[in-house]
Every structure is written in C-alpha cells, then in structure tokens.
Amino acid sequence: MILSALLTSVGINLGLCLLFFTLYSILRKQPGNISVYVPRGVAKEKIQQRSDQFNLESLLPSPGWMRRAWKLSEEELLSDSGLDAVVFMRIFTFSLKIFAFAGIIGVFVLLPVNFMGNQLSIDFSDLTQKSLDSFSISNVNNGSSRLWIHFCAIYVFTAFVCYLLYSEYKYLSSKRIAWFYASKPQPHQFTILVRNIPALPGSSISESVERFFTECHPSTYLGHVVVKRTSKLQHLINQADKVNKRLVRLKSTKHTLESSRRNVDLVDSYEKKLHDLQDQIRLEQSSGKEVSAAFVAFKSRYGAAQALHIQQGINPTEWLTEPSPEPRDVHWSFFSASFMKRWIYKLVAVVAYITLTILFLIPVVVVQGLTHLDQLETWFPFLRSILEIKVVSEVITGYLPSLILQMFLLFVPPIMMALSSIQGLNALSQIERSACFKLLWFTIWNIFFANVLSGSALYDVNIFLEPKEIPGILAEAVPAQAAFFIAYVVTSGWTSTSSELFRMFPLIFSYIKRIFSGKGDDDFEAPSIPYHSEIPKILFFGLLGVTYFFLAPLILPFVLVFYCLGYIVYRNQLVDVYEPIFETGGKFWPIVHGSTIFSLVLMHIIAIGTFSLKELPLASTLSIPLPVLTLLFHDYCLRRFLPIFEAYPAECLIKKDRADQSDPTIADLPDDLHTAYHDPALKQIQNSGSSDQQSPLLGDADI
C-alpha cells in the first residue's frame, strides 16, 4: 500500500467519525431520541420521554457531553456502574499509558531511523507515492548498527509494559478487596450451587440435599432451594401472554354493528382459551419436576467457601459444587443437563469453534486479494481499466479490505455467545467471559495470523512442523502486512468506536417502533454493555500496537487515537446507555493481562527473527532472554494476584463475617435467601397475579 492510499482511508474514516460525532451531538438533544441515547435514565425513570417540538438550538452540535464524560471520576463510575465498568475503563487508561510512551519512542526515534535507511532505495521526489514499507524496519540496511536502537527500544518498552502490568494488577486486586468489604450482605455470598445431586431411594432431591448437608455441614448449613424444570411452564406463560394481548386488543377496538356479534364470539373464545391456559399453568406450577441442582445456603461466607472447595461425595461426578452467581446473573437453561451432557455440549462447542475458525479463512483470503492490485487484475481481468484509475485503486487497497473484513466480523460475536451458552455454564457473566476469551483468540488467529500468513508466500503447513523457523517466518511476513493493519485500525477502530456513540441500529429501530406501534413499552429496559465483543476488539488493537512497535511505528499514532476516542465514548456510554446486568468484581482483568503478555512474547519472537534476517546475530541472541523473562514475570503475577480474582481469601471472608455481626440488615438475610433464587417463570407468575398460590420453588425451600 502506498502512502496516498492510507491517507485516502484516513480521510474517509475521519470524515465518518466527525459525521457520527456531529449527528450524535444533535440527535441526543431531540426529545424523541431519549430512549436511544439515555436509556439508563429512562429505565430508572430519572428522565421522562417527551415529544416536545425541538427548537433551533437543538439542531446545533455541542461538546457538553464530552466535558461531562471527561470529568467523571472513577469513584462515581464505581458507584454507578460497578467494578466491572471500572476495569473496562482501566483497559483504556492502561493502553493510553503504554502507547503514549511507545509513541514517543516510535515516532521520534524509530520512525526517522527506519525512513533514513536505504534498503528499499527510497526516492524522496514524491513521498505520497511511496510504499509504507519505507517507514518500517524493512528499510533499515542489513547489518546496520542502527538496528541496535531497535534492540534497546524493545528492552525499554518491555520493562515499561511489565511495570504497568504489575502496578495495574496490584491496584485492581486491592480495589476488588475494597469493593468486597464495602458491599452489603448479598445472597450469593452465602450460597453455593450444587449440581448432579444423586436422589436417594424413596427420597426427593430436596430431601436428599437436606439430609446430606445436615450430616456433612451441621454447624454451617442454613437451607436450600431446589431448581425445578420450568421450560413447559414458560411456554404456557408465553402463550397466555399472547392470548391476553389479543383479548385486550379486541376489547379496545371499535366495531360496526355487523361485526359486533363476531367480535363477541372471538372474545368468548379467547377468554375460554386464556382460562384453560391459566388452569394448565397452575397444574404445571404445582407439579414441576425437580432438577438435580440446588442453591444451598450457609450461615456465613466462610462456611459457604469451605463447602465450595471441598469434594463433597466419594464419586467426583456427584455433588458438584460451583460458586453461586448473583440472582440476576443466573443462566437457567442448562440446569437439567447431566454431567455427561454438559461434557458433550462442551465438545460440540469446541468443534463448532474450530470449524468456524477454519471457514473464516475464506473472507480473509478475499480481503488479502484486494490489498494486492496485481492479484485482483489476475482474478478479474475485465476490471483492469477501472483499477487503473488512481482514486479507485486507492479506495480499494486502502479502505475496502478493512471494511469487508469488519462486516464479516459483525456475525462472529453472537455466534461466540451461542457457543458459550450451550456449554452448561450457570451464569451470564461466565458465558460473557467464555465468549470474550473465544472471540479474542479467534480475532488474533483470523485477523492477525491468517492475514499475515495468507499475505505471504510462506503460507505452508511446514510453518507448524518446524518451530525453529517460526521467528524467521514471522519476521518476514509480519512487516509486509503493516499497511493493511494500519488501515484496519483506522477503519475498524476509529469508525466503529464513533458508530458505537451514534447507535445507528437502535436509532432506526426506535423510529420504526414509533411509526408502527406508537409509544414505547412500559417495561423499557436499558441494554447491557457487550463485554464479550468490546474487550477482544480493544485488546486486539493493543496486540497490533505492541507487535508493530519496532517493526512499523507509523501505526502507533493511529492506535493512540483509537484509545483516546474509546476513552471518551465508552465513559459516556457507561453513564447514559449501558445498565450492568451482573457484577464479577473485575474478573475480566486476567484476560487483559494474559493478552498483553502474549503480545509482548509475540513481539520478542518476531524481534529474534528480524535481527537474524537483518544480519545482526548478536542482537538476535541477546533478544532470546526477553520472552523467557516475560513469561517468568507472568507466572509470578499469576501466583501473586490471580487467586484474588478467582475467590476471596479466608482472611477477607472471616473479617467480613465479623463485621456483619454489627450490621442490622443481616437479620433480613434469611428472608432474602428465601426468595433470591426464583426461576424467572415463577417470578412472572407472581408478578402477573396468575396464581395466588406460593411458588413451587419456594415450597421446597428450607431456608
């Protein structure tokens, strides 16, 4: 790619960013768009949806929202959106520190060194027509002593990133402990989930749980709630809801005299059908089948932790204990799945994940063909005359490949969520983290490695059969794709972030809904932030910045701009748009730490191969300790900090239990535990008033 093609891509995407920012600044002030741009306020009834006529001032863009987002403190964000939101924003501040430091070294030191080389025989007469390789390490002469500048920069950059990683892990660990101490007593802190409960002969699941935990944990056991199968009940409730809506619509519609008799017959028919469904719901509610799973509550957090971390039965596939998620975080779909079924579902998810990863190579190959005009002319000879037009060729090579790849990637996050959902995980937060991990490595493989290797003549299975050759292969292939990834950062990073602010699809759906159904629903709910799709995207740009730090430092300013945009945009979205539906206490951070370590090690491996290809063997040899030291540092961090993110230590649990003895609200905890883990279908019955009977789930509760 030549520099003018990159500038074309930058110009297009910069124009789109400005357009999205301007439209957002105008549309957010229109009364009818409040549910789109401030759904948290609408859901909490802090802001009423209005239909006032707008004035001329509302058509003028204003930067007030940016000032408000910038001034938001971390403590305000913590109290308003939780620790997960704080960790999410710490990814941006952490990345800004890294790439501000890297940008200074890369732009003011490495970039001039690369550009002043003559390995590629640069002609300064027309700079805009020069390849972007002129700004990369490929332009430094083989064996040049200037390569030692790159060597020193790699060591300094690695030390700086590791220092930030340690400081951030330490800070968030202390923040997690402080957040736990400041939290009020919550049901999930005293509860564990027990699955694969064996039913004793002549006893129900509930009786088996009561007998087992009374005998094994007599001093700490408090009670339990057995999960029941409610899929049929939920189906009946959905049918009754549809019939009731039709009945209400019929009664509220005006009819002529000729159609009144038919209307009366329809009303009678729907009323009879609704009555039959209510009878079926009551019957199903009273005879719900027990599932071999239960939420077991204990008198203290320490007692729950003891039961959680000790194998309960002789058979390790029975009485399986898991941390209990928050009541709002429970994923109810797979409680009835046995140990073997969940193992099979997990295997199916792995196979589907691998298949999708392989199939995604098809659009990657197509995109790589667009970055090379000679290949495109070979595939489609009839386009040769069109491709000779300068503007067309610059748009195709500089903008179109990244746009096409981004469009294909839109379908991947929902698929990853679906694959994670069928694995038998019991919490929505676990599903999000699993999908986040899957999407991250899917992106790294299909967007980075697949593009790098498919764009090289070295794309061969021998790459994996000869590990010693991997550094050299990557050293030759990765710099060749620097131009593509710079354009990818601009297209996928800048534009997608600004479009997140604009919220195009919710805006369109809002207008369609107002046209066809009038006012919005009374049960309006604010959306939740899709961590599974946003965190991998943020981390992938970090991988690109770290990897190309010394290879093509021209990418660093574009990565830095992306993180600046994301910092402002997502702070605004977390306050106005996204409502947290679960709280993990910052458990997404270990994924961030692991991804950064992987990026550093990948940079080191490429550096070893690069110095070898550049005929500087001593620098290549002296670079070998870098990945070893980085992995040792990673192992230390895992041992030092990761256990705090997996479970709270006994010291914290005991201290918190003692502090609760003086808390007057602790007396209400048994009642909260009694009603916390209701199945949504049973809650819906109680809220709708379909039955005056007590929920069958509560009928089994001994809390």
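Among the residues of the range 172-186, those identified as under 26 Å from the mean Cα position of the chain (by Cα), touching a residue at least 60 places away in the same chain (Cβ under 8 Å) and part of a helix (DSSP H, G or I) are L172, S173, K175, R176, I177, W179, F180.
All of S533, S528, S595 fail the test of being among the hydroxyl-bearing types (S, T, Y) and open to solvent by less than 20 Å² (accessible area, probe 1.4 Å), apart from S595. If the condition is being over 20 Å from L7 (Cβ atoms) and in contact (Cβ under 8 Å) with a residue 24 or more places away in the chain, then the range 498-516 contributes S499, E500, L501, F502, R503, P506, L507, S510, R514. Set side by side, the residues L200, L250, L257, L274 differ, and just one is surrounded by 12 or more Cβ atoms within 10 Å (Cβ to Cβ), modelled with pLDDT under 75 and of a type outside the set (F, W, Y), which is L250.
The residue that is most open to solvent (accessible area, probe 1.4 Å), counting only those in the range 75-120 that are touching a residue at least 12 places away in the same chain (Cβ under 8 Å), farther than 15 Å from P590 by Cα and of a type in the set (V, I, T), is V109. Just one residue in the set K175, K184, K170 is open to solvent by less than 60 Å² (accessible area, probe 1.4 Å) and among the charged types (D, E, K, R); that residue is K175. Taking the range 213-230 as the range and being closer than 20 Å to F334 by Cβ and buried (at least 24 other Cβ atoms within 10 Å of the Cβ) as the test, the residues that pass are H224, V225, V226, V227, K228, T230.
Return yes when E326 is open to solvent by less than 50 Å² (accessible area, probe 1.4 Å), at pLDDT below 85 and of a type outside the set (A, V, I, L, M) and no when it is not. The answer is no for E326. Helices (runs of 4 or more DSSP H) fully within the range 616-684 that include at least 3 residues being without any contact (Cβ under 8 Å) to a residue 12 or more places away in the chain: 617-622, 625-640.
The values are calculated or read from the model by the stated rules, or taken from the named source; none is laboratory data. Remember, it's a predicted structure, so these values are computed and weren't measured experimentally. For neighbour counting, all protein chains shown are included, and Cβ atoms are generated from backbone atoms with ideal geometry for every residue, glycine included. Only protein heavy atoms, including side chains, enter the accessible area calculation; ligands, DNA and RNA are left aside. Shrake-Rupley method; radii C 1.70, N 1.55, O 1.52, S 1.80 Å.
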